[in-house]
Amino acid sequence: MAERQATIASRVGLHARPASLFIDAVNRQPVEVTIAAKGSDDLDASSILSIMSLGAANGDVVTLKAEGEGAEAALEELAQLLETDLDAE
Amino acid sequence: MSNTSIPSTASAPDAPAASSDITGVGVSPGRVIGRVARMAPPVEAPDPAEKAAPGRSIDDEYARITDAAAVVQAELTARAETVSGDARDVLEATALMASDPTLAKAAKKLLDDGRSAERAVWEAGTSIAEQFAALGGYMGERAQDVYDVRARLVAALRGVSAPGLPNPGHPYVLVAVDLAPADTATLDPAQVIALVTSDGGPQSHTAILARALGIPAVVAAPQATTLVDGVEVYVDGTRGRVIPDPSDAERADADLAARQSEALVPFDGTGRLSDGHEVALLANIGGVKDAAAAVDANAQGVGLFRTEFLFLGRDTEPSVEEQVSDYRAVFAAFPGKKVVLRTLDAGADKPLAFLTNDDEPNPALGIRGYRTSLEKRQVLVNQLRAIQTAREAENADVWVMAPMIATADEAADFVGLCREAGLPTNGVMIEVPSAALTAAHIFATADFVSLGTNDLTQYTMAADRQLGSLSALNDPWQPAVLQLVQHVGQAGRAAVSTEAGAGSAPGVDGGTATASASAATGKPVGVCGEAAADPALAVVLVGLGVTTLSMTSRAIQAVSTVLRSVTLDEAQTIAAAVVAAPTAADARRIAREHLPILETLGL
């Protein structure tokens, strides 16, 4: 099981456009990815409804998890995405 | 283009109405031809006991859900690509919700006991939306997006059109039962060339939107329900006629209308009659965005600045600092010009969690407008403080008025609060018949009044302004409404202005003390309801003693052009004949007969 933490860099938090871009990236990965924040359960990272329910704001830390071949690389790519201000693009 | 080049014989086809012609109430002038696109009706909830069709397995039903999800996602993604900015972000996020694995899994579980796919999606969507709503704030607002996705999925499963505004891919005539405020916010003015509704009255959201966009509209046309998608129609928003499959005569008329609208003279920034009598033409605005449109239209200022936008949809009162910043942004657009700000008008169709009750049996007659300050005074006190701070920081000539004033006591109370806050020019809205009848006493403290003709009509005629079936009553041309306007106009002329009346003792009841005072010594009487945007009615209002008119920016040009075709004497003569008319239809006919310019301009 690979695990990686990331700090949300988007000013609006993980909502709207940043959330859409993140999910597009999750759907490109070869493995299933979960996301958790502030002691929540591990939720499906490809679900915008789950991600929105996390209510992750700018500066919050989230935990990504995945299993299987390519998991480490997948989490690295996704974490870097979260640590970019996606709203500024 | 000069005013004199307008063909003076212009007129719409007045052939006898064919049986297929549809009649309603014309609420926004103009004549156009376009293809119909209907607003799809709201999606009804599937019956709680609805089961999957016999022979369909759980897997079959689940496959139907994923197919529907793919269809809705593709549709929303395609629509997202046609827009930009925030609208695009919202549509992209909504598209993802449609195919969301969490939603699909929740629905799949519900299929176990034989529920239909429609019912399972409905319940799963409801449950998620309710969780969002319970979280409040940003998530609470997104609950509406989940409900929207739920409705779209069920529509796709049923094989019917998605609810809401159509998207035929070309400019169209929107046909609906009535429009809700949410529809009007998402309507694309580049695509919708006319509005036709089977319900809704002259002061409905549909009518207000059409006038703001400057597109023709016909409301309260029950036969509009027979119009089908794609059929070509001629819409006459002046006469309230909709003609399917237009003839050559109607085509020629629509072309003529397009040329006439180009012939309107741009407003030069001073409203006046042909004899030079000045009537300030001001804009109604709801925030900074409208302020820009008002400046573009050369408005002489703002006659109604609605402040609800700051408050609606919030769980708590906005801070004084936040209000100051928003008011300043508007005041800054009008240096040296008048801005009449209406204090918070919550209640009835504009509920506010922290201020109004939602359990009143008759909200339009309940605690709304100024009345909310009787129990929760601090919200109004804070707002007045914010207005004063913003006023001192900018150069606009800021006037303040309260909505829903019924008595002279209330007016005095409000004016007192304004003076305590340091505000110099304070008045009230006249929307309740009792306030119109006692205007002379209200002028004892109020520096000015502004007639809100939408509510004044609703309350005078005891007719809900949103009900299309009562549109004949809900008409500002009703002689009873015009008599009240006349009464207020007379009280305004007779009132002793605090500035002009330096020689008279303070506190004198102006209504009776100086009945012979000239117009120059009276107090301002404005109109800021929809009536001011009707060029024919604008002439009548001026003739009844109204001194300023405030309207949607779009209407200023037409109102100014028509006002310049009459003298004050003529306006007063027309007004006297109109106010004495037995019916609204007679009133309208008399005014039009005296104002041939309306026909010339296609208004």
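The figures follow:
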{"read-out": "Residue match in segment B:53-71 (condition: within 11 Å of chain A (Cβ to nearest Cβ) and at pLDDT 90 or above)", "value": "no"}
{"read-out": "Verdict on B:Asp358 being over 20 Å from B:Gly422 (Cβ atoms), touching a residue at least 60 places away in the same chain (Cβ under 8 Å) and surrounded by fewer than 19 Cβ atoms within 10 Å (Cβ to Cβ)", "value": "no"}
{"read-out": "Those residues of segment A:22-48 which are in contact with a Pro (Cβ under 9 Å, 6 or more places away or on another chain) and more than 20 Å from A:Gln80 (Cβ to Cβ), in sequence order", "value": "A:Asp44, A:Ser47"}
{"read-out": "All positions within segment A:20-37 that are within 8 Å of the chain's Cα centre (by Cα) and of a type outside the set (Val, Ile, Thr)", "value": "A:Phe22"}
{"read-out": "Positions within segment A:5-31 being surrounded by fewer than 20 Cβ atoms within 10 Å (Cβ to Cβ) and more than 10 Å from chain B (Cβ to nearest Cβ), in sequence order", "value": "A:Gln5, A:Thr7, A:Ala9, A:Arg11, A:Ala25, A:Arg28, A:Gln29, A:Pro30, A:Val31"}
{"read-out": "Subset of segment B:350-365 [of a type outside the set (A, V, I, L, M, F, W, C) and either modelled with pLDDT of 90 or more or farther than 17 Å from B:Leu312 by Cβ (or both)]", "value": "B:Asp359, B:Glu360, B:Pro361, B:Asn362"}
{"read-out": "Selection status of A:Gly55, modelled with pLDDT under 90, within 23 Å of B:Gln131 (Cα to Cα) and within 14 Å of chain B (Cβ to nearest Cβ)", "value": "yes"}
{"read-out": "Any hit, segment B:274-283, residues being farther than 27 Å from B:Val525 by Cβ, in contact (Cβ under 8 Å) with a residue 12 or more places away in the chain and among the aliphatic types (A, V, I, L, M)", "value": "no"}
{"read-out": "Residue tally, condition out of contact with any Leu (no Cβ under 9 Å at 6 or more places or on another chain), in contact (Cβ under 8 Å) with a residue 24 or more places away in the chain and either more than 12 Å from chain A (Cβ to nearest Cβ) or among the small types (Gly, Ala, Ser) (or both), over segment B:115-143", "value": "4"}
{"read-out": "Which listed residue, of B:Ala446, B:Ala435, B:Ala462, B:Ala421, is within 27 Å of the chain's Cα centre (by Cα), among the aliphatic types (A, V, I, L, M), modelled with pLDDT of 95 or more and surrounded by fewer than 24 Cβ atoms within 10 Å (Cβ to Cβ)", "value": "B:Ala462"}
{"read-out": "Sole residue being part of a helix (DSSP H, G or I), surrounded by fewer than 18 Cβ atoms within 10 Å (Cβ to Cβ), more than 30 Å from the chain's Cα centre (by Cα) and within 10 Å of another protein chain (Cβ to nearest Cβ), chosen from B:Lys109, B:Lys105", "value": "B:Lys105"}
{"read-out": "Enumeration of residues in segment B:171-186 that are surrounded by fewer than 19 Cβ atoms within 10 Å (Cβ to Cβ) and either at pLDDT below 90 or in a helix (DSSP H, G or I) (or both)", "value": "B:Val177, B:Ala180, B:Pro181, B:Ala182, B:Asp183, B:Thr184, B:Ala185, B:Thr186"}
{"read-out": "B:Ala190 loosely packed, with under 15 Cβ neighbours inside 10 Å and either at pLDDT below 90 or touching an Asp or Glu at 6+ places or on another chain (Cβ under 7 Å) (or both)", "value": "yes"}
{"read-out": "Tally of residues being of a type in the set (Gly, Ala, Ser) and closer than 18 Å to B:Glu321 by Cβ across segment B:380-413", "value": "3"}
{"read-out": "Residue in segment B:412-424 that is in contact with an Asp or Glu (Cβ under 6 Å, 6 or more places away or on another chain) and within 24 Å of B:Gly492 (Cβ to Cβ) present", "value": "no"}
{"read-out": "Which listed residue is at pLDDT 95 or above and either touching a Gly at 6+ places or on another chain (Cβ under 6 Å) or hydrophobic (A, V, I, L, M, F, W, C) (or both), from B:Ala533, B:Ala555, B:Ala575", "value": "B:Ala575"}
{"read-out": "Which numbered condition B:Arg88 misses (of (1) basic (Lys, Arg); (2) within 13 Å of another protein chain (Cβ to nearest Cβ); (3) buried (at least 22 other Cβ atoms within 10 Å of the Cβ))", "value": "(3)"}
{"read-out": "The lone exception for A:Ala79 - which of (1) within 26 Å of B:Ala133 (Cα to Cα); (2) out of contact with any helix residue (DSSP H, G or I) (no Cβ under 9 Å at 6 or more places or on another chain) it fails", "value": "(1)"}
{"read-out": "Failed item in (1) under 23 Å from B:Glu321 (Cβ atoms); (2) among the charged types (D, E, K, R); (3) outside any helix (DSSP H, G or I), with B:Arg465 passing the rest", "value": "(1)"}
{"read-out": "Residues located in segment B:542-562, provided they are closer than 22 Å to B:Ala210 by Cα and part of a helix (DSSP H, G or I)", "value": "B:Ser553, B:Arg554, B:Ala555, B:Ile556, B:Gln557, B:Ala558, B:Val559, B:Ser560, B:Thr561, B:Val562"}
{"read-out": "Residues located in segment B:193-215, provided they are in a loop (DSSP other than H, G, I, E, B) and surrounded by fewer than 24 Cβ atoms within 10 Å (Cβ to Cβ)", "value": "B:Ser198, B:Asp199, B:Gly214, B:Ile215"}
{"read-out": "Residue that is modelled with the highest pLDDT, among those in segment B:80-94 that are among the β-branched types (Val, Ile, Thr) and within 16 Å of B:Arg142 (Cβ to Cβ)", "value": "B:Thr94"}
{"read-out": "Which listed residue, of B:Glu50, B:Glu75, is more than 30 Å from B:Arg465 (Cα to Cα), touching an Asp or Glu at 6+ places or on another chain (Cβ under 9 Å) and of a type in the set (Asp, Glu)", "value": "B:Glu50"}
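The values are calculated or read from the model by the stated rules, or taken from the named source; none is laboratory data. Quick caveat: nothing in here was measured; it's all calculated off a predicted structure. Cβ sites come from the backbone with ideal geometry, for glycine too, and all protein chains shown count toward neighbours.
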